[in-house]
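Written below as structure tokens is the structure these notes are about.
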Amino acid sequence: MNTNVNRALVLKGQVLTFNDNPHNYEYWETGCVVIEGGFIIAVGDARSVEVPYNAHVIDHGEDLILPGFVDGHVHYPQMNIIASFGTKLIDWLNTFTFPEEAKFSDKSYALRIAKFFLSESLKNGYTTSSVFCTTHPQSVDAFFSEADKLGLRMIAGKVLMDRNAPENLLDTAQSSYDQSKELIDKWHNKNRALYAITPRFAPTSTPAQLEVAGTLYKEVDGVYVQSHVAENVDEISWVGELFQQSTSYLDVYNKFGLLGPRTLYGHGIYFSDVDIEMLKDTDASIIHCPTSNLFLGSGLFKYQKFKEAGVRVALGTDVGGGPSLSPFATMKAAYEVAQFHNYSLTPFEAFYLLTIGGAEALHLGDKIGRIAPGYEADLTVINLNSTQIIRNRMTKSNELDEVLFLQIILADDRAIRTTYANGKQVYKNAEEA
Ligand code: GUN
Ligand code: ZN
């Protein structure tokens, strides 16, 4: 393991990285990435890249080196309610989610689950995530302190909920302002941490609390907002009853000044063309969580419409509504959902969304998501021959898009050989040890 940041680290292998769109990419079959002080300083063909004297060289052979993956929407406190049977969104929240989230008043429980979540994310190649904590400030402290130990670039925040949830999870408009402010002062821009103001979704916040969220978004430079929108038909009717003056669910957030750059909205399944335009006009982002949408029977996201409108889109696992932290499961579900709308999401689009596309949706496209000089050194390495069925299928596939597609459909965490963050190895597949 290379833990000495002063000594250059050189990774050799196949290298793939996207530029400004899914079909504009750089690929080197015998590639080389040079890392120093946590940043990428050079990339290219191994024959032409200059390797610094005394560098630590790791040859990944025929493995594929990619930028670390971006999970645009996930709930770390829901790790232990993954795979809960038989409900849709509102019942699922009341039956499984809220009782589990109540446990995060205990800081030591929060620390344990944060650690577990982060190690599972890295095992799946994710190096940056936008993360919902719980209403307890200590759940945020636990998360950021564990992420900081690993040197990860993470977005996270305290959930705001002042109605329509169990008493032991509720805050108030005032306490949510005070606690969020304190957490922002403590964590926002501390090393690689970024703070997200996190109203859970419109039904669990009073207008006064959404007002507070909008105020914080305006007050704090570079802060994020994350929430849920238009995920489930019953949820949408409920929002219609609670906010009768709004023209749509998304318009509720708009009315409280919660749409703009760095505002990240999960789902958006039931959007009108007007809603999609509103996202585009305000430069807000949508996070597509296909495994969750299938698992909770929420609906089928229309990726193509957002793409055509030029909206920023990332993929999210939405664990525990989503049943998997696998990037392959997520890309596969995105492909399958798009098929319902007669759109075949290409493997280049899928990997783009997981890397620089996702980074752009998180307004981090100048820092992460690409393998290029000046970028932060977050990388994941894929064994393209991780199972027998993949090996069989690989013998018939030579084209890069075919190779990527069969990984999307057939691979799982056995394919993740190793993950690097901030220029250091933070996960290594035990079978390779
Ligand atoms: N809407 C409000 N809270 C949640 C949550 O925890 N998960 C999902 N998928 N949707 C939500
Ligand atoms: Zn969610």
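The values are calculated or read from the model by the stated rules, or taken from the named source; none is laboratory data. Just so it is clear, the structure is predicted and the values come from calculations on it, not from any experiment. Positions of Cβ are backbone-derived with ideal geometry, glycine not excepted, and every protein chain shown enters the neighbour counts.
Per-structure values
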| item | result |
| --- | --- |
| Scan of region 260-282 for residues that are away from ligand 1 (no atom under 16 Å from the Cβ) and either in contact with a Pro (Cβ under 6 Å, 6 or more places away or on another chain) or of a type in the set (A, V, I, L, M) (or both), ordered by number | Val274, Ile276, Met278, Leu279 |
| Complete set of residues in region 171-208 that are of a type in the set (A, V, I, L, M, F, W, C) and touching a Lys or Arg at 6+ places or on another chain (Cβ under 7 Å) | Leu183 |
| The listed residue being within 16 Å of ligand 2 (Cβ to nearest atom), surrounded by fewer than 23 Cβ atoms within 10 Å (Cβ to Cβ) and in contact (Cβ under 8 Å) with a residue 24 or more places away in the chain, out of Lys123, Lys88, Lys107 | Lys88 |
| Residue among Asn342, Asn383, Asn398 that alone is modelled with pLDDT of 95 or more and more than 26 Å from Ile286 (Cα to Cα) | Asn383 |
| Residue in region 387-404 that is buried (at least 17 other Cβ atoms within 10 Å of the Cβ) and either among the hydroxyl-bearing types (Ser, Thr, Tyr) or in contact with a Gly (Cβ under 7 Å, 6 or more places away or on another chain) (or both) present | no |
| Residue satisfying all of: in region 287-313; in contact (Cβ under 8 Å) with a residue 60 or more places away in the chain and more than 13 Å from ligand 2 (Cβ to nearest atom); surrounded by the most Cβ atoms within 10 Å (Cβ to Cβ) among these | Gly299 |
| Restricting region 215-238 to residues that are of a type in the set (Gly, Ala, Ser) and surrounded by fewer than 21 Cβ atoms within 10 Å (Cβ to Cβ), the residue that is nearest to Leu169 (Cα to Cα) | Ser237 |
| Residues satisfying the stated conditions in region 314-351, i.e. touching a residue at least 60 places away in the same chain (Cβ under 8 Å), charged (D, E, K, R) and touching a Pro at 6+ places or on another chain (Cβ under 8 Å) | Glu349 |
| Condition check for Thr17: loosely packed, with under 15 Cβ neighbours inside 10 Å and within 27 Å of Gln407 (Cα to Cα) | no |
| Helices (runs of 4 or more DSSP H) wholly inside region 151-259 that include at least 3 residues being within 16 Å of ligand 1 (Cβ to nearest atom) and touching a helix residue (DSSP H, G or I) at 6+ places or on another chain (Cβ under 7 Å) | 233-242, 249-255 |
| Qualifying residues in region 219-247 (those that are of a type in the set (Ser, Thr, Tyr) and farther than 30 Å from Met154 by Cα) - the one nearest to ligand 2 (Cβ to nearest atom) | Ser237 |
| Selection within region 283-292 - outside any helix (DSSP H, G or I) and within 12 Å of ligand 1 (Cβ to nearest atom) | Ile287, Cys289 |
| Complete set of residues in region 314-327 that are surrounded by fewer than 23 Cβ atoms within 10 Å (Cβ to Cβ) and either polar (S, T, N, Q) or more than 16 Å from ligand 1 (Cβ to nearest atom) (or both) | Ser324 |
